[in-house]
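Beneath this line is the structure, given in structure tokens, with notes to follow.
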Amino acid sequence: MNTMSAYKPHAVQEGPRKGLKAGVWMDGTFDWHSEQDSFTNHAGEVRTLIQSFTKSQVSFVTCTIKNNGRAFKYPKFVFQYENILERQAVAFYSPPERAILHMSQGSISLLGGTLKGQGISQYCIQGKGNLYKNGCFKSLKDGILSYSPLAKGEVSSIFSLEAEIGPGECAEAMAWVIHTPTKEEARGLNEGLLRTL
């Protein structure tokens, strides 16, 4: 299996701002994964790793998949974000940033990511109660998230990174959460990440 890029954290972040939960949808099935998880099935190999960089307030999740089959695969890496400190947030997808923003009193959380040069494909932004009641998938069979572009209060956001993976190909998805006091700071860090990845 191809290993992931080396990201060395300055320190592991503690508390509720840890960031993202990662899962993989492929061929009609979906599973959440633990912080350092690796599995192999008929479709290929998947490895996830969650690390935090407290100095810059950026948390990363990296998922690598290798297609061991002879046919093209269309995996969807799904990421969920909740922050229990944000009791009264407004969350929405922002096209200029190509990211989801959680805005609360004096705090911005920006969610973004990339897979093979592509950003967020689908997103579902709901109040926590609605998410658990209705689920995040409109169609689990087809890997289609429920469309919900805006929510406020205690909010949970789910988004996907998607790409075609050829036979024998290895691809790496990276998602992140940027925590800053202002939208301008979050935008600057996000633009820097998108330029370098």
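Ignoring ligands, DNA and RNA, what percent of the 1.4 Å accessible area of region 130-185 is carbon and sulfur? Write down the numbers at each step before the final one.
Working: 1410 of 2700 Å².
Accessible surface attributable to carbon and sulfur in region 130-185 totals 52 percent.
Taking a ≥ b ≥ c as the square roots of the Cα gyration tensor eigenvalues, with a/c under 1.5 meaning rounded and otherwise prolate when a/b beats b/c, else oblate, which class fits region 77-197?
oblate
Whole-Hz ³J(HN,Hα) for each residue in region 190-197, computed from phi via Karplus 6.51 cos²θ - 1.76 cosθ + 1.60 with θ = phi - 60°, x for glycine and proline: what do you get?
Karplus-based 3J(HN,Hα) across region 190-197 equals 5, 4, x, 5, 5, 5, 8, 9 Hz.
Of the listed pairs Lys21/Lys128; Lys116/Lys152; Lys66/Lys138; Lys76/Lys183; Lys73/Lys152; Lys66/Lys183, which have alpha-carbon separations greater than 25 Å here?
Pairs exceeding 25 Å: Lys116/Lys152; Lys66/Lys138; Lys76/Lys183; Lys73/Lys152; Lys66/Lys183.
Ala99's amide H: which non-local residues (gap 5+, or another chain) put their own amide H closer than 5 Å, with H modeled 1.01 Å from N in plane and none for Pro or chain starts?
Long-range HN contacts for Ala99: Ser94.
Could you tell me the center-to-center distance, by alpha carbons, between region 137-164 and region 97-117 in angstrom?
Cα centres, region 137-164 to region 97-117: 15 Å.
Rank Arg195, Arg187, Arg98 by accessible area, highest first, at a 1.4 Å probe radius?
Descending accessible area places them as Arg195, Arg98, Arg187.
Can you give me the accessible area per residue for region 74-197, using a 1.4 Å probe, in Å²?
46 Å²
Can you give me the distance in nm between label points at Lys183 and Val90, each placed 7 Å from the Cα along the Cα-to-Cβ direction?
0.9 nm
On a 1.4 Å probe surface of the protein chains, which of Tyr147, Tyr81 comes out largest in accessible area, and what is the full order?
From most exposed to least exposed: Tyr147, Tyr81.
Report, by chain and number, residues whose modeled amide H sits under 5 Å from the one on Lys138, excluding near sequence neighbours (fewer than 5 apart, same chain).
Result for Lys138 returns Ile144, Leu145, Ser146.
Using label points projected 7 Å from each Cα along Cα→Cβ, tell me how many nm separate Phe72 and Gln118, to one decimal.
The answer from the label model is 1.0 nm.
Based on the mean of other beta carbon atoms within 10 Å per residue, what is the order of 162-174, 99-111, most packed first?
99-111, 162-174
The values are calculated or read from the model by the stated rules, or taken from the named source; none is laboratory data. If you're wondering where the values come from, they're calculated on a predicted model, not measured in any experiment. Heads up, the Cβs are rebuilt from the backbone with ideal geometry, glycines too, and the neighbour counts pull from every protein chain shown. These accessible areas exclude ligands, DNA and RNA; they are computed on the full protein's heavy atoms, side chains included. Shrake-Rupley method; radii C 1.70, N 1.55, O 1.52, S 1.80 Å.
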